[in-house]
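K.L.:
Mind having a look at this structure? Questions to follow.
What follows draws every value from the coordinates through simple rules; no lab data is involved. Every value quoted in this text rests on a predicted model; they were computed, and no experiment measured them. Reconstructed Cβ throughout: ideal geometry from the backbone, glycine too, with neighbour counts over all protein chains shown.
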Amino acid sequence: MAKVPRISVPRKLGRAIAVRRLRVPGHSARAVIIRIGAPRRLGAGWDWGCPVEISGLGAPRLRYVFGVDAFQALQLGLDYIAIRTAAAKPRPSLFERGDGGCFTRSLPTCLPVATQKRLQKLIDQAAVRWLRNQKRSAARRKRRR
């Protein structure tokens, strides 16, 4: 079996390029702080790492999310944040309960293009339905006043 070269991963975030503070429903004094560091090349190969630090969901955790370039490492880092915040109980939010901290997931680009298009169409249809329902609810509230 071929040896896989080990990559030395820094243990610090470095310069933060983005920070977001989320509220925890029912815990006004508690916050979830998310910091993203600048992606950086690791080792001599193709490996890039994007440092992501999440505090307020248990012990603070610094994780490096890897990609083939800075863009992919950053995108996968944002996906990692969306997954972690969505799994938290209670789920932290940015503006209001249920907004998911305003982090979105990207569609996997390894899927066939036709599958990606079908998934995107389903997402778009769900967004249109949600918006239509919000407009109906607002109109009903306005009529009741």
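K.L.:
Roughly how compact is segment 64-119, stated as its Cα Rg over 2.2 N^0.38 Å to two decimals?
P.N.:
Output field value: 1.32.
K.L.:
Then there's this: Taking the number of other C-beta atoms within 10 Å as the exposure measure, put Thr115, Thr85 in order starting with the fewest.
P.N.:
Thr115, Thr85
K.L.:
For segment 121-145 and segment 51-70, compute the distance between their C-alpha centroids and round to whole Å.
P.N.:
Going from one Cα centre to the other spans 36 Å.
K.L.:
Right, next: Angle between the Cα long axis of helix 70-87 and the longest principal axis of the chain, 0 to 90 degrees, nearest 10?
P.N.:
With both axes taken from Cα atoms, the answer is about 50 degrees.
K.L.:
Would you look at the GNM of the chain, springs on alpha carbons closer than 10 Å, and say which of Asp124, Asp79, Asp69 moves the most?
P.N.:
Of the options given, Asp124 has the highest mean-square fluctuation.
K.L.:
Still on this structure, I have one more. Pairs of alpha-carbon atoms within less than 8 angstrom and 6+ residues apart define the contacts here; what relative contact order does the chain have, in percent?
P.N.:
Worked out over the chain, it gives 15 percent.
K.L.:
Same structure again: All other residues with a Cβ under 14 Å from the Cβ of Arg11 taken together, and with Lys, Arg as +1 and Asp, Glu as -1, what is their net charge?
P.N.:
Surrounding charge for Arg11 is +3.
K.L.:
Provide the net charge surrounding Arg61, with neighbours chosen by a C-beta distance below 9 Å and charges set as Lys +1, Arg +1, Asp -1, Glu -1.
P.N.:
+1
K.L.:
With a/c under 1.5 counting as rounded, go ahead and sort the chain into rounded, prolate or oblate using the C-alpha gyration tensor (a ≥ b ≥ c being the square roots of the eigenvalues; past the cut-off, prolate if a/b is larger than b/c, else oblate).
P.N.:
It comes out oblate by the Cα gyration axes.
K.L.:
Taking only Cα atoms, what is the 0 to 90° angle, nearest 10, from helix 113-144's long axis to the longest principal axis of the chain?
P.N.:
30 degrees
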